[in-house]
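Note sheet for the following structure.
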Amino acid sequence: MERQEILDKVITLVADHFELDPASITGETNLTKDIDADSIDFVELVLEMEDEFGAEISDEDAEKLITVNNTVDYIASRAK
C-alpha cells in the first residue's frame, strides 16, 4: 500500500471518528492536542486502524502515535 493511500485512509478514519472535516486534518495534526481526543477516543481510533489495516498496534507503539504522519509512517512500516 502506498503512503498516500495510507494517509488518505487515516485522515478519513480520524475525520469520521471525531466528526471533523477531512480537509481540516493534515499530516501534522496532533491526535491528542489538535483533536482533543481523550484516552478512550484514542483507544477506539487505534482499534479502528487495526481493523482497517489488518495490523495489531501494541499499547506501547500506540503511545508513540502522536501525529497523523507518525501514524501513517508506523502503518507503512508494517504494511505487507
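Gain on full extension, evaluated as 0.36 nm per residue between Gln4 and Lys33 minus their Cα-Cα distance, stands at 8.1 nm.
Here the chain was treated as a single set of alpha-carbon atoms; its pair distances binned every 10 Å from 0 give 19, 62, 19, 0 percent. The residue list Met49, Ala62, Ala76 was ranked by how far each Cα lies along the charge dipole of the chain toward its positive end, using unit charges on Cβ atoms, and Ala76 comes out on top.
Extension gain for the segment Lys64 to Ile40, taken as residue separation times 0.36 nm less the Cα-Cα distance, is 7.0 nm to one decimal. Taking 0.36 nm per residue of separation and subtracting the current Cα-Cα distance, fully stretching the chain between Ser24 and Thr12 would add 3.2 nm. Protein heavy-atom accessible surface, 1.4 Å probe, per residue over the chain: 63 Å². In segment 3-79, the portion of solvent-accessible area held by carbon and sulfur atoms comes to 47 percent [1.4 Å probe, whole percent, DNA, RNA and ligands not counted]. Taking amide H as placed 1.01 Å from N in the peptide plane, Thr67 has its amide H under 5 Å from the amide H of Leu31, each at least 5 places away in sequence or on another chain. Estimated from helices alone, the mean residue ellipticity of the chain at 222 nm is -17500 deg cm²/dmol (sum of -39500 (n - 2.57) over DSSP H runs with n ≥ 4, per residue). A simple charge model with +1 on the Cβ of Lys and Arg, -1 on the Cβ of Asp and Glu and nothing else charged puts the dipole of segment 1-56 at about 220 debye relative to its Cα centre.
The values are calculated or read from the model by the stated rules, or taken from the named source; none is laboratory data. Bear in mind that the values here come from a model prediction, so they are computed numbers and not experimental data. With ideal geometry, Cβ positions are generated from the backbone for all residues, glycine too; neighbour counts draw on all protein chains shown. With ligands, DNA and RNA removed, areas are computed over all heavy atoms of the protein, side chains included. Shrake-Rupley method; radii C 1.70, N 1.55, O 1.52, S 1.80 Å.
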